[in-house]
Amino acid sequence: MVSLLQLFWSFFKIGTFTLGGGYAMIPLMEKELVDRHHWLTNEEFMDIIALSQTMPGIFAANMAVHVGWRMRGVPGAIFSLVGNILVPILIILALAMGLHYLQGNAVVEAVFKGVRPVVVALIAAPVFRMAKTAKISRYNFWIPVVATLLIWLLGISPIWVILVAGIGGFVYGKYLEKKEVQP
């Protein structure tokens, strides 16, 4: 059984060493939870990502709570959440207290401009791994493309896209079940 201290420490490392928050944490979470500790399979990890995206609140916190709850119930959820958000909250507090000293500082602005491409790469890398795990193929690649275009170009709420995709997946699954049953 996973100890509460192990959950806290794993999410503490994830929260401490990830620049860019949320989606940039996915590679570290995958490495820690799936590859290193084997607490989750790739499919379970993908399911938790999907669930965490649909829940209100901070994505990384949702991930921590769900994994912690799955491993050790409510205490696990609390330890995972606190571990994940402790260092970022302290950094945000320190920055907020000293922000007026940093405004307009050319060095600080240059650092933030340099970090941006790294954060984009950190977010892009798991997208391609997730596409492989989700079994995106030449037959169904159009689904995430259309969903992205509906949200980005037409301004359709992601909630509607998720609901329609969920209903479509359910109907398609029922169709496949029926097809398998018939001789």
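The values are calculated or read from the model by the stated rules, or taken from the named source; none is laboratory data. On a predicted model such as this, the values are computed, not experimentally measured, just so you know. Cβ placement follows ideal geometry from the backbone for every residue including glycine, while neighbour counts extend to all protein chains displayed. Areas reflect the complete protein model, heavy atoms only, side chains present, ligands, DNA and RNA absent. Shrake-Rupley method; radii C 1.70, N 1.55, O 1.52, S 1.80 Å.
A few points about this structure:
- 1.4 Å probe accessible area per residue over the chain, in Å²: 69 Å²
- Anchor Lys13: lysines whose Cα lies under 21 Å away (excluding residues fewer than 8 positions away in-chain): Lys31
- Under the membrane-span-like helix rule (DSSP H runs whose alpha carbons stretch at least 24 Å along the helix axis, mean Kyte-Doolittle hydropathy 1.0 or higher), the chain yields 59-102, 106-133.
- In region 82-164, one over the average inverse separation of all distinct C-alpha pairs is 16.7 Å, which is the Kirkwood hydrodynamic radius.
- Just checking the listed ones, Gly22, Gly57, Gly76: in the Gaussian network model of the chain with Cα springs under 10 Å, the one fluctuating most is Gly57.
- Share of carbon and sulfur in the accessible heavy-atom surface of region 11-130 [1.4 Å probe, %]: 72 percent
- Applying a DSSP loop filter and a limit of 16 other Cβ atoms within 10 Å to the chymotrypsin sites (Phe, Trp or Tyr not before Pro) in region 90-149 leaves Tyr139, Phe141.
- Surrounding net charge for Met1, when Lys and Arg each add one and Asp and Glu each subtract one, Cβ distance under 15 Å: +2
- Multiplying the residue separation of Ile123 and Trp142 by 0.36 nm and removing their Cα-Cα distance gives an extension gain of 4.8 nm.
- Angstrom value of the Kirkwood radius, inverse mean 1/r, which spans all Cα pairs in the chain: 18.7 Å
- Under the combined filter of DSSP loop state and at most 10 neighbouring Cβ atoms within 10 Å, region 1-78 retains these chymotrypsin sites (Phe, Trp or Tyr not before Pro): Phe17.
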